[in-house]
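Here's the structure we're looking at; comments come further down.
The values are calculated or read from the model by the stated rules, or taken from the named source; none is laboratory data. Fair warning: this is a prediction, and the values are worked out from it, not measured in the lab. Don't worry about glycine lacking a Cβ; one is built from the backbone with ideal geometry, like all the others, and counts go over all protein chains shown. Side chains are part of the model used for accessible areas, which takes the heavy atoms of the whole protein and leaves out ligands, DNA and RNA. Shrake-Rupley method; radii C 1.70, N 1.55, O 1.52, S 1.80 Å.
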Amino acid sequence: MENILQVKNITMVYPTGVIANKDVSMDVKRNSIHAIVGENGAGKSTLMNVIFGKIHPQDGDVFYKGEKVNFRNPNYAIKAGIGMVHQHLMLAPDLTVAENMILGIEPKKGKIFLDTVNALETTDAVSKKYGMDVPVNKKIKDLPIGVRQRVEILKALFRNAELLILDEPTSVLTPQETEVLFETLFKLKENGKTILFISHKLSEVKKLADSVTVMRDTRVITTKDAAELTEEAIAHLMVGRDINSGRIAEPENPGKVRLSVNNLSYIDYENVQILKDINFDVRAGEILGIAGVEGNGQSELVNILTGLMRPTDGAVSVDGKNIIGMTPRQIRELRISHIPEDRMENGVADIASLEENFIVDRYYKSEFSKKGRLNWKYIKDYSVDLIKRFNILTQSSKTPTGALSGGNIQKVVVARELSSDPELIIAAQPTRGVDIGSEELIHDLLKKARDEGKAIFLISADLDEIIKLSTRIIVIYDGHITKHFTDCRDIRGMDLGPYMLGVKKEEGASGKIHS
Amino acid sequence: MNPLLSSIFSTGFAFAILRVMTPLLFPALGVAVSDLAGSVNIALEGIMLMAAFFGVIVSAFTGSLFLALIAGLAAGILMGALLGYFHLKMKADIILGAIALNMFAAGMTIFLLFLFTGDKGSTSSLQSLVFPSIEIPLLKSIPILGEIFSGHNILTYVALLFVPLFYVLMFKTPLGLRIRAVGQNPDAAESVGINVDKIKLYALMLSGLFGALGGLYLSMGYVSWFSRDMTAGRGFIAIAAATLGGNMPIGILLASLLFGFVNSIAIYIASLNVPSELIQMIPYLVTIIALAIFAIRAQRVKIKVGGEIHEHFDTGDAAIPVADPGKGDS
Ligand SMILES: Nc1ncnc2c1ncn2[C@@H]1O[C@H](COP(=O)(O)OP(=O)(O)O)[C@@H](O)[C@H]1O
């Protein structure tokens, strides 16, 4: 098969002096699905941006359809037939699907007016052509992420893209949405399109890709047929060593109940019952995992446990002490830490330095400030120590946190939350969107915390993660607990699925310890 | 009936509301255009002042209403462009840029006023033209409606006409679509080849045009002279009106009517025996109250959204089977 895209000996050095691609070469076959895998910082996005004309390499060439190209900016790449679906979707939230579709190439009526009918029709036509359903007249902000992403793909197709680049398309999707996306991508391939996607979820790569390019530390390690590689082999190539993906060892002996949640209910402003009569315990030295499709009340539950929201009814106690009505700081003072699910929203202040983010919850303690003045010297040493211990890749402790890669930002959050010597850790999506190396590190840290006798409540949309780490698992569906698995040794995703979808449910299920 | 109430329920009062509303409606539309493009324009005060001044001066010296109109519009559009230049090209903070322009306009108009008339207070020594008032043929002879809606200054009708025009411009033309897209997600607009800075500049210039009409009305319709700081905070009340109106034309019209109503009441009360300072405070007080109510309501909505920071997925999606998490058994 002919190559639609070839990159040859690309070397890209950013103005900051960071070398992001070193002598990178890769061939992408026409009408194939090609995955690029690699840890965060390996240089994948940089390579995509070079192809798309967003940045210009110091050395090397890009050939598209056999011709050497040098796109001055992405508009030229789009004209040539390359479409890019960014991780942060490029859509205007208050415009409708159709308006977003035709933005920049608006159909006109009588020279000055927008031809809205035409806009709706063309959108509908493109969506029919590729069998990708979208509500043409709805505003983007009213659509779930999966549908928004579909709009973004259609946008590229509408601009006649033949090569579609997707930057970590599944990192924001639920398992269901991921399935739908995969079907879409297969359909596009049938339609003759070529797909180039970045991922670090190896199960996806195996399921989807025809070929895989593995990048590590600015270089391409290899490009191979996906069929030739096992997941383990890819993981090995990516990190350069073996990865442990099995279930972690069972805890020795869980101790007393630390967190106790009793008959918790939450009804929101619109009078919708989000949580119904939730009961569970978390003991010292165990990890209680909560599985569920996102949006079934997990986020509200976490907000209540951490003092960000008040329940409508019910009790939450930590070591026998009622925490409802306490402020987040009071709750933190009880040695409860919280890894929030959205690191950019609630985890860090992106323009603040690592140092500042490390001390936000403890700046008032005597080590960090005296007489109202911060002790920056101490804070710096403290931060450098955390950066080392948690293996955070950064230029310095004064770097703005937002400049780090997603995986490293997550490590900043984890470092802060685990270094406060907590007794109870509430970990929401602790490895969302991070690379395998960081994921492994975070998993190890959580296991270590558990073995030291900490109580851990794990919330994750990633079933593999729940199964890998949890001592016990509860399943939540539509705001109530549908099942409690006390022995998780041989549990599989399929066992959880029906309870997550509410197909099966155990009456009065609770995560309480009866002993 | 008590004299105040009887005057409020008179057609003259309703007429006054429209009259008083006009110099709020124009700049409020101006604020909304730039707001929709994602640039907060608080320079309407200065824009109106400049337009009001140049309109009077040019009309007095040339005797041409048309040239006065052109001069006023040019002054407003130029102010908008200048703000765009500071903000987009020089990368200055748009709020600071606008504050500078407001202060510049206040000082500049007084300086030029003195230069042209030798007076630092007003142009009362000059003979300025005014935009004509018009009687609407059929409407005029309808009893109550005619008294309220006919006989206004032509710019009042233009202002009312601008309400649907604004809607068409923003929602039915490619330019409007682009302005809104740029305001909502500039990266998205840029990614489809739209020149974000150019669109923002256009929006600021449009904003200047709307503001200029408000200024012209003030000095050449509402009254027939220019006096220092004659905008008296209307450019800021316009921001409140645009905010209350949700940047949507009908909302802005209603908000402007509300402020017009309050202003008219203040004018009517002034004839009673109440300290005038107290009365002059009323419109501003109402602005603060209205904004506070608006903010509280917005806060409520935000809390509600905050409760569901996380996308609530249509549970219909759950009908699709869970991705077989086959990795679990490895
Ligand atoms: N705009 C930029 N300026 C400077 N350095 C950058 C920029 N973007 C990425 N980098 C650096 O280049 C390296 C490769 O990053 P990237 O291409 O984003 O990797 P990946 O997509 O594989 O996570 C990293 O060290 C990153 O910090």
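Look at the range A:393-409 and say how many of its residues are within 18 Å of the chain's Cα centre (by Cα) and within 12 Å of the ligand (Cβ to nearest atom).
At the first step, the residues of the range A:393-409 found to be within 18 Å of the chain's Cα centre (by Cα) are A:401-409.
Filter again for within 12 Å of the ligand (Cβ to nearest atom), leaving A:402-409.
Within the range A:393-409, residues that are within 18 Å of the chain's Cα centre (by Cα) and within 12 Å of the ligand (Cβ to nearest atom) number 8.
Do you know which of the residues in the range A:199-215 that are touching a Leu at 6+ places or on another chain (Cβ under 7 Å) and away from chain B (no Cβ under 14 Å) is nearest to the ligand (Cβ to nearest atom)? I'd like the intermediate steps shown before the answer.
So in the range A:199-215, the residues touching a Leu at 6+ places or on another chain (Cβ under 7 Å) come out as A:208, A:212, A:214.
Still in the running and away from chain B (no Cβ under 14 Å): A:212, A:214.
Working: A:Val212: 14, A:Val214: 11 Å.
Out of the qualifying residues, it is A:Val214.
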| request: Identify all residues within the range A:343-365 that are open to solvent by 20 Å² or more (accessible area, probe 1.4 Å) and under 22 Å from A:Glu423 (Cα atoms); write none if there are none. | output: A:Arg343, A:Asn346, A:Val360, A:Asp361, A:Tyr363, A:Tyr364, A:Lys365
| task | Would you mind telling me which numbered condition in (1) at negative phi; (2) open to solvent by 10 Å² or more (accessible area, probe 1.4 Å); (3) in a loop (DSSP other than H, G, I, E, B) A:Gly453 fails? | result | (1)
| message | Quick check on my filter: what residues within the range A:216-245 are within 16 Å of the ligand (Cβ to nearest atom) and within 12 Å of another protein chain (Cβ to nearest Cβ)? | response | A:Ala235
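Name the one entry in B:Ala32, B:Ala75, B:Ala68 that is of a type outside the set (Asp, Glu), touching a Pro at 6+ places or on another chain (Cβ under 9 Å) and in a helix (DSSP H, G or I). Give the steps one after another, and end with the answer.
Values: B:Ala75 fails: touching a Pro at 6+ places or on another chain (Cβ under 9 Å); B:Ala68 fails: touching a Pro at 6+ places or on another chain (Cβ under 9 Å).
Just a single option satisfies the conditions, and that option is B:Ala32.
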| said: Can you tell me which residue is farthest from the other protein chains (Cβ to nearest Cβ) among those in the range A:301-321 that are touching a residue at least 60 places away in the same chain (Cβ under 8 Å) and open to solvent by less than 30 Å² (accessible area, probe 1.4 Å)? | reply: A:Val318
| The one condition in (1) within 16 Å of the ligand (Cβ to nearest atom); (2) at pLDDT 90 or above that A:Val434 fails to fulfil | (2)
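Quick check on this structure: which one of A:Lys22, A:Lys29 is more than 14 Å from chain B (Cβ to nearest Cβ), within 11 Å of the ligand (Cβ to nearest atom) and of a type in the set (Lys, Arg)?
Testing whether each residue is more than 14 Å from chain B (Cβ to nearest Cβ), within 11 Å of the ligand (Cβ to nearest atom) and of a type in the set (Lys, Arg) leaves just A:Lys22.
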| request: Check A:Gly295, A:Gly285 and return the single one that is of a type in the set (Gly, Ala, Ser), outside any strand (DSSP E or B) and open to solvent by 20 Å² or more (accessible area, probe 1.4 Å). | output: A:Gly295
| said: Looking at (1) aromatic (Phe, Trp, Tyr); (2) more than 14 Å from chain B (Cβ to nearest Cβ); (3) open to solvent by 20 Å² or more (accessible area, probe 1.4 Å), which one does A:Phe280 not meet, given that it meets all the others? | reply: (3)
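Suppose we filter A:Glu106, A:Glu39 for residues that are charged (D, E, K, R), surrounded by 15 or more Cβ atoms within 10 Å (Cβ to Cβ) and within 12 Å of chain B (Cβ to nearest Cβ); which single one remains? Write out each step before concluding.
Working: A:Glu39 fails: within 12 Å of chain B (Cβ to nearest Cβ).
Answer to the check: A:Glu106.
Restricting the search to the range A:10-28, which residues are small (Gly, Ala, Ser) and on the phi > 0 side of the Ramachandran plot?
A:Gly17
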| said: Which of the numbered conditions does B:Thr156 fail, given that it passes all the others? Conditions: (1) open to solvent by 30 Å² or more (accessible area, probe 1.4 Å); (2) modelled with pLDDT of 95 or more; (3) not small (Gly, Ala, Ser). | reply: (1)
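To keep it simple, each residue is scored yes or no on (1) within 14 Å of another protein chain (Cβ to nearest Cβ); (2) open to solvent by 10 Å² or more (accessible area, probe 1.4 Å); (3) of a type outside the set (Ser, Thr, Tyr); (4) touching a strand residue (DSSP E or B) at 6+ places or on another chain (Cβ under 7 Å).
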residue: B:Phe162; (1), (2), (3), (4): no, yes, yes, no
residue: B:Val168; (1), (2), (3), (4): yes, yes, yes, no
residue: B:Leu177; (1), (2), (3), (4): yes, no, yes, yes
residue: B:Val196; (1), (2), (3), (4): yes, yes, yes, no
residue: B:Leu206; (1), (2), (3), (4): no, yes, yes, no
residue: B:Ala212; (1), (2), (3), (4): no, no, yes, no
residue: B:Tyr217; (1), (2), (3), (4): no, no, no, yes
| said: Looking at the range A:387-408, I want the residues that are among the charged types (D, E, K, R) and have a partner that is open to solvent by less than 20 Å² (accessible area, probe 1.4 Å) with Cβ atoms under 6 Å, at least 6 apart or on another chain. Which pairs are those? | reply: A:Lys398/A:Ser353
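Is it the case, given these coordinates, that A:Leu496 is surrounded by 22 or more Cβ atoms within 10 Å (Cβ to Cβ) and farther than 23 Å from A:Asn303 by Cα?
On the way: surrounded by 22 or more Cβ atoms within 10 Å (Cβ to Cβ): yes; farther than 23 Å from A:Asn303 by Cα: yes.
Answer is yes for this residue.
Could you tell me whether A:Gly511 is more than 12 Å from chain B (Cβ to nearest Cβ), within 19 Å of A:Pro254 (Cβ to Cβ), open to solvent by less than 10 Å² (accessible area, probe 1.4 Å) and more than 22 Å from the chain's Cα centre (by Cα)? Walk me through it before giving the result.
On the way: more than 12 Å from chain B (Cβ to nearest Cβ): yes; within 19 Å of A:Pro254 (Cβ to Cβ): yes; open to solvent by less than 10 Å² (accessible area, probe 1.4 Å): yes; more than 22 Å from the chain's Cα centre (by Cα): yes.
Yes; evaluated as a whole, the condition is true for this residue.
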| remark: Scanning the range B:67-78 for residues that are open to solvent by 10 Å² or more (accessible area, probe 1.4 Å) and either in contact (Cβ under 8 Å) with a residue 12 or more places away in the chain or under 16 Å from B:Tyr217 (Cβ atoms) (or both) gives B:Leu69, B:Ile70, B:Ala71, B:Leu73, B:Ala74, B:Ala75, B:Ile77, B:Leu78
| query | In the list A:Ile195, A:Ile248, which residue meets the criterion of being surrounded by fewer than 22 Cβ atoms within 10 Å (Cβ to Cβ), more than 16 Å from the ligand (Cβ to nearest atom) and of a type in the set (A, V, I, L, M, F, W, C)? | reply | A:Ile248
| query | Does any residue in the range A:431-458 that is away from chain B (no Cβ under 14 Å) and among the charged types (D, E, K, R) come within less than 6 Å, Cβ to Cβ, of a residue that is within 16 Å of the ligand (Cβ to nearest atom) and in a helix (DSSP H, G or I) six or more places away or on a different chain, and which pairs are these? | reply | A:Asp435/A:Gly407
| query | What is the residue count in the range A:459-495 for residues that are more than 21 Å from the chain's Cα centre (by Cα), over 25 Å from A:Ser337 (Cβ atoms) and within 11 Å of chain B (Cβ to nearest Cβ)? | reply | 7
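Within the range A:46-85, take every residue that is at positive phi and within 16 Å of the ligand (Cβ to nearest atom) and give me the one that is nearest to the other protein chains (Cβ to nearest Cβ). I'd like the intermediate steps shown before the answer.
Just the residues of the range A:46-85 that are at positive phi, to begin with: A:53, A:60, A:65-66, A:81.
Filter again for within 16 Å of the ligand (Cβ to nearest atom), leaving A:53, A:60.
Numbers: A:Gly53: 12, A:Gly60: 24 Å.
Per the stated criteria, the residue is A:Gly53.
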| message | Any residue at all in the range A:10-32 that's closer than 22 Å to A:Lys189 by Cα, at pLDDT below 95, open to solvent by less than 30 Å² (accessible area, probe 1.4 Å) and not in a loop (DSSP other than H, G, I, E, B)? | response | no
